[in-house]
Amino acid sequence: MMVFPDFKYGWLPEEFQVRLPNELDFKKEAKNAKRCKEIFKNNPNVAVPSVYDELTSERVLTMSFESGISATNVQEMHRQGMDLKRVARLISESFIHMIFEKGFVHSDPHPGNIFVRPKKMADGTQDVEVVLLDHGIYTDLTQETRLSYTKLWRGILTQNELKIKQASKELGADFFELFTSMIVNRKYEDVMDEQSAYKTKSRLGEKQDA
């Protein structure tokens, strides 16, 4: 029995046709890793493995070993004395930088691909470092897409339904309520409710009077 008999799956083979060859060509992954490393070269809190070109081919990828623990291993982070809020902020800022400023986004950010580890900074203070792994799948975002996504978030944070509708349409989403809920991971009614919206802003680091 099909739960959604009207759902169209035609896009799946097309998506696999584009994505799978990129996943299986390690030279492309090496290129992505180098580009990501360049993006964060001035950020002391983000690490990307170095690629050894002389030992890399389409079927073999050789990179520097990077230690760390999964970004979801809360118990171990506590044990190592890491500030969880700091970890969450660094991961968020890293992806915000990729999405909104660079338009080159790591598209497989599951816990096995994001490590964290303690780091002693140049000034002697103890901080945290995020390690980004597995650079096989990336998405290039056009300036128009980034602007529309920015508009969507502005609409969410200001509870401006017209702006949310416009941005969702620009991003190709017909059902703006569902799309917004997926983005924020909250019910649309909560997003548009004044009291519940404060919780969303708090999660994003907004001030109460924002």
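Does any residue of region 89-103 turn out to be modelled with pLDDT of 95 or more, touching an Asp or Glu at 6+ places or on another chain (Cβ under 6 Å), hydrophobic (A, V, I, L, M, F, W, C) and open to solvent by less than 50 Å² (accessible area, probe 1.4 Å)? Looking through region 89-103, none of the residues is modelled with pLDDT of 95 or more, touching an Asp or Glu at 6+ places or on another chain (Cβ under 6 Å), hydrophobic (A, V, I, L, M, F, W, C) and open to solvent by less than 50 Å² (accessible area, probe 1.4 Å). The set of residues in region 55-95 being in a loop (DSSP other than H, G, I, E, B), small (Gly, Ala, Ser) and within 20 Å of residue 107 (Cβ to Cβ) consists of 71 alone.
Taken over region 182-192, the criterion of being open to solvent by 30 Å² or more (accessible area, probe 1.4 Å) and assigned to a helix (DSSP H, G or I) is satisfied by 182, 183, 189, 190, 192. From the set of residues in region 122-140 that are within 25 Å of residue 31 (Cβ to Cβ) and among the hydroxyl-bearing types (Ser, Thr, Tyr), which is surrounded by the fewest Cβ atoms within 10 Å (Cβ to Cβ)? Step by step, filter region 122-140, then rank; the result is 139.
Looking only at residues of region 64-80 that are of a type outside the set (Asp, Glu) and touching a Leu at 6+ places or on another chain (Cβ under 9 Å), we find that the one that is nearest to residue 36 (Cα to Cα) is 68.
Residues checked against (1) in contact (Cβ under 8 Å) with a residue 24 or more places away in the chain; (2) not polar (S, T, N, Q):
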| residue | (1), (2) |
| --- | --- |
| 88 | no, yes |
| 109 | no, yes |
| 145 | yes, no |
| 171 | yes, yes |
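Of the residues making up region 97-139, those that are in a strand (DSSP E or B) and within 30 Å of residue 151 (Cβ to Cβ) are 104, 105, 106, 114, 130, 132, 138, 139.
Taken over region 74-86, the criterion of being farther than 17 Å from residue 43 by Cβ and touching a residue at least 12 places away in the same chain (Cβ under 8 Å) is satisfied by 77, 80, 81, 82, 83.
Considering region 141-180, the residues that are outside any loop (DSSP other than H, G, I, E, B), under 24 Å from residue 102 (Cα atoms) and in contact with a Phe, Trp or Tyr (Cβ under 6 Å, 6 or more places away or on another chain) include one that is most open to solvent (accessible area, probe 1.4 Å), namely 146. For region 107-121, what are the residues that are open to solvent by less than 50 Å² (accessible area, probe 1.4 Å) and under 16 Å from residue 49 (Cβ atoms)? Within region 107-121, 108, 112, 113, 114, 115, 116, 117 meet the criteria. If you go through region 52-88 and keep only what is open to solvent by 60 Å² or more (accessible area, probe 1.4 Å), within 18 Å of residue 127 (Cα to Cα) and touching an Asp or Glu at 6+ places or on another chain (Cβ under 9 Å), you end up with 83, 86.
The values are calculated or read from the model by the stated rules, or taken from the named source; none is laboratory data. For clarity, every value in this text was computed on a predicted model and none was experimentally measured. Cβ: placed from backbone, ideal geometry, glycine included. Neighbour counts: every protein chain shown. When the accessible area is computed, the model is the full protein with side chains, heavy atoms only, and any ligands, DNA or RNA have been set aside. Shrake-Rupley method; radii C 1.70, N 1.55, O 1.52, S 1.80 Å.
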